[in-house]
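Encoded as structure tokens, the structure appears first; notes follow it.
The values are calculated or read from the model by the stated rules, or taken from the named source; none is laboratory data. Only a predicted model underlies this, so the values are computations on that prediction, with no experimental measurement involved. Neighbour counts run over all protein chains shown; Cβ positions are idealised from the backbone, glycine included. Just so you know, the surface numbers come from the protein's heavy atoms only, side chains and all, with ligands and any DNA or RNA stripped out. Shrake-Rupley method; radii C 1.70, N 1.55, O 1.52, S 1.80 Å.
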Amino acid sequence: FTAVAAIPSSAVVASDKVNGTALYAASGSTFYTTSDTGTTWKTTTVSGLTSATSIAVNPFKAGELWLSGNGGIFHSTNYGVSFAALPSCTRGWNIALGAPKTTGGVPALYAAATINGATGLFRTDDHVNWIRISDSGHGFGSAGSIVLAADPRIYKRVYVGTNGRGIFYNSNAA
């Protein structure tokens, strides 16, 4: 392995599953993208973000991705050239994309986040309306330590890795 000098070693990284030459990274408020498998990198500053924590790339559409961090969750449809903040979200730790509600639709977005002032595990199918899929009686520990993976084939199936409580899954995430 060879370190990539163009991005910080603490950056979060992701690859585009549709466009095999596109890679993404984020550190602080800087988003890095390459379209040539890492030979050259371009940067964008994500307004409202100072600490990136996770990148989720649409497994069905090239160049569409979500970025989470201390300023919320941000969405890009143009390979990270620009981002729009998702409404109601003020903090995002980990995010994952799963099967869409309808074939060919927007992937379900799962987030360990603070939405409308409540911290927990959420799902949205439209980036506006959030459904809380965790509750205070069945918490998963610190929201910042939750690891998420969503099934790209089964709508509403999400896997949750916890901080010492094991791995859980839900096939009817609200």
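What distance in nm separates the two pseudo spin-label positions at VAL4 and SER47, each 7 Å out from Cα along the beta-carbon direction?
The modelled label-to-label distance comes out at 2.6 nm.
Please compute the length gained on full extension between SER15 and VAL128, using 0.36 nm multiplied by the number of residues separating them and subtracting their Cα-Cα distance.
Answer, rounded to one decimal: 38.1 nm.
Accessible area per residue for region 85-145 in Å², computed with a 1.4 Å probe and the full protein assembly in place, what is it?
Accessible surface, normalised per residue, equals 43 Å².
Please report how far the C-alpha centroid of region 98-122 lies from that of region 47-75, rounded to the nearest whole angstrom.
Rounded to whole Å, the Cα centres lie 13 Å apart.
For region 44-144, what does the equivalent ellipsoid look like in terms of its semi-axes, each the square root of 5 times an eigenvalue of the Cα gyration tensor, given largest first in whole Å?
Equivalent-ellipsoid dimensions as semi-axes: 21, 17, 11 Å.
With all protein chains present, how much of the accessible area of the chain (probe radius 1.4 Å) comes from carbon and sulfur, to the nearest whole percent?
After summing per-atom areas, the C and S share lands at 53 percent.
To make sure I understand the rule: partners must be lysines, Cα under 29 Å from the Cα of LYS101, and not fewer than 8 residues away in the same chain. Which ones qualify?
Straight-distance partners of LYS101: LYS17, LYS61, LYS156.
Could you compute how much accessible surface PHE140 exposes when probed at 1.4 Å, giving the result in Å² to the nearest 10?
Here the accessible area works out near 40 Å².
Hey, of [x] 16.2; [y] 20.9; [z] 17.0, which did the structure itself give for Kirkwood radius over Cα pairs in Å when calculated?
[x]
Calculate the FRET efficiency for ASN116 and SER136 from the Cβ-Cβ distance with a Förster distance of 22 Å, rounded to the nearest 0.05.
0.90
Considering only protein heavy atoms, what per residue accessible area in square angstrom results for region 1-80 with a 1.4 angstrom probe?
For region 1-80, the solvent-accessible area averages 48 Å² per residue.
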